[in-house]
Amino acid sequence: MLGLMQSQPLLISGLIEFAERHHGDAEIVSRRVEGDIHRYTYKDSAGRARQVANALDSLKLVFSDRVATLAWNGYRHFELYYGVSGSGRVLHTINPRLHPDQIAWIANHAEDQVLCFDLSFLPLVQAVHSRCATIKHYIALCDQDKLPKDSGVPNLISYESWIGTQPGTYTWPTFDENTASSMCYTSGTTGNPKAALYSHRSSTLHAYAAALPDVMGMSARDAILPVVPMFHVNAWGIPYSAALTGAKLVFPGPAMDGKSIYELMEAEKVTYAAGVPTVWQMLLGHLTANNLKFSTLKRTVIGGSACPPAMIKAFNDDYGVEVLHAWGMTEMSPLGTLCTLKNKHDALPDDEKMKIRLKQGRAIYGVDMKIVDEAGKELPWDGKTYGDLYVKGPWIVRAYFKGEGGDPLVDGWFPTGDVGTIDADGYLQITDRSKDVIKSGGEWISSIDIENIAVAHPAVAMAACIGVLHPKWDERPIIAVVKKPGMDVSREALIAFFEGKTAKWQIPDDVVFVDAIPLGATGKMLKTRLREILKDYKLPGT
Ligand code: ADP
């Protein structure tokens, strides 16, 4: 017997319609590429998203055609999120930090028809347009009077002239909720990038889940500043969850430096922010250097790479801001786990609480996870046993766009490529990417643990731990370290700093001081590149 409830497809257009009707006067504030602050409401935004949909119709784009963006976090990008997907086309957010060759490859692979870009990326567009065979229309996200002349980019028009002549009335179409809504290519550290193709259903379910109190905990009373980019994994779904809750949105545009982010947070009374550790490091640096405090910020979600304990402590102890450590990936829309404590942890001493906060957290309803050994056998949840992490759920990929890479699933589970432990309360702790695990004398050393200890040293700005070959132990850990400007620490002092903080055999054998650690397009340390740079390195005494 079937239930007798109404069947209504979960469509992204429903989110903006809801926000317009129930939170029409809630604000969306953006720092623009032009440098000024733009301010309007969900109601204004919904009207302009409908203009986008009409403008796409005028270009004769058909259902599921891809519309690409190269854009910062801002109101026009937000309108495209809804106008493109809501009208049945697929929003393809491109990461501008990728190499131009990769961007051209991705645009061709996705068969993008239109490319909308912020003017900051004009040089990039000029460099790649002749290689983007399928793109017929280039749209600069600016006013008509800002449109560059003689840019050499074919069929270039301004966004404002493109949508300006279109009516703000449009009936969002109804279609199968499993229809593709947006796509995002992984960084392709191994081989060509592959695209996760999100659906209306997966994005809406993810938006519901992300907003839950033990997840991102978003409400109409929040003012949210996503520093996580809308060009990578839909800014962790915040543009959708914000509309679902009616939260005020504050977009930082291109200005990611500590001063700009801090000033925007204070001016717009931001209560909630989300970003990767490298961005927060710049923000905390600005606060310390200028002796500043937050007056409204209460919580920040940090993920994308492991959040060092020193950062959790600084936010909590010095600024009264709660850090929610999150884990996920492009293939998971991206949220998998988020770390909030349970009531039973209230009585724990602070250092025990910190041990839990450092973990990547508990699975969100909708994400099932397990750790397995090399034979695929499930391992116990004891907080000690390491294994390969597998996940499944309705917002996790089952295949990549155009079938690239074959069938990624193993018995219905997606292998994340991460290694971790899960404790009896279900808290996941990521110890490494499987390719970064250091195997020493038959035991595993977590490079994340070693890096966390190193960055707790006051003179260390960044640290990357890698394994190097050793005749007796197979591999031994060393750390590449970037010192903070004007600070100094010797190799011996840094190695001594590890004493008592980890088991003796896990202490790195050597420290290599470097000017910078190579970062990938999503701001993560590129250990493959670091290994190449250090390929002639030899451990002392070997
Ligand atoms: P990419 O496109 O580079 O794969 P993703 O954003 O999809 O970028 O990266 C996902 C990976 O980032 C995860 O598989 C994991 O290795 C790492 N990661 C994400 N969040 C965390 C975290 N909180 N702690 C440790 N690693 C993390």
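Where a number appears in this text, it was derived from the coordinates with a stated rule and is not lab data. Keep in mind the model is a prediction, meaning the values are calculated, not measured. Every residue, glycine among them, receives a Cβ derived from its backbone with ideal geometry; neighbour counts consider all protein chains shown.
Given 0.36 nm per residue, what is the gain on full extension from His470 to Arg131 after removing their alpha carbon distance, in nm?
Values: separation 339, 0.36 × 339 = 122.04 nm, distance 4.58 nm.
Gain on stretching His470 to Arg131: 117.5 nm.
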Within segment 481-501, backbone nitrogen closer than 11 Å to the virtual label 7 Å beyond the Cα of Ala461 toward Cβ
482-487
Within straight cross-link reach of Lys472, meaning Cα distance under 24 Å, which lysines are found once same-chain residues fewer than 8 apart are removed?
Lys435, Lys439, Lys504, Lys527, Lys535, Lys538
Listing Lys524, Lys435 from the residue with the fewest other Cβ atoms within 10 Å to the one with the most, what is the order?
Lys435, Lys524
Full-stretch length increase - Ser120, Leu2 - with 0.36 nm per residue and alpha-carbon distance subtracted:
37.1 nm
Identify all lysines with a Cα-Cα distance to Lys402 below 21 Å; exclude those on the same chain that are fewer than 8 residues away in sequence.
Lys194, Lys392
Relative contact order in percent for the chain (Cα pairs under 8 Å, 6+ apart) equals 10 percent
Taking 0.36 nm per residue of separation and subtracting the Cα-Cα distance, what length does fully extending Met354 through Lys535 add?
61.5 nm
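To the nearest 0.05, what FRET efficiency results for Asn291 and Lys342 with a Förster distance of 35 Å applied to their C-beta separation?
On the way: r = 36 Å, r/R0 = 1.02.
Efficiency for this residue pair is about 0.45.
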Using Cα atoms only, what is the angle between the long axis of helix 258-267 and the major principal axis of the chain, expressed in degrees (0 to 90) to the nearest 10?
60 degrees
Can you give me the C-alpha center-to-center distance between segment 428-445 and segment 1-61, rounded to a whole angstrom?
44 Å
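Please order Tyr81, Tyr262 by the number of other Cβ within 10 Å, starting at the fewest. Spell out each step's value before the answer.
Working: Tyr81 28, Tyr262 20.
Fewest to most other Cβ atoms nearby, the residues stand as Tyr262, Tyr81.
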Distance (nanometres) between label positions extended 7 Å along Cα→Cβ at Leu409 and Ala267:
4.8 nm
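Which of Asp317, Asp257, Asp510 has the fewest other C-beta atoms within 10 Å, and how do the rest follow up to the most? Could the numbers behind the result be given before it?
Numbers: Asp317 10, Asp257 14, Asp510 18.
So the ranking, lowest neighbour count to highest, is Asp317, Asp257, Asp510.
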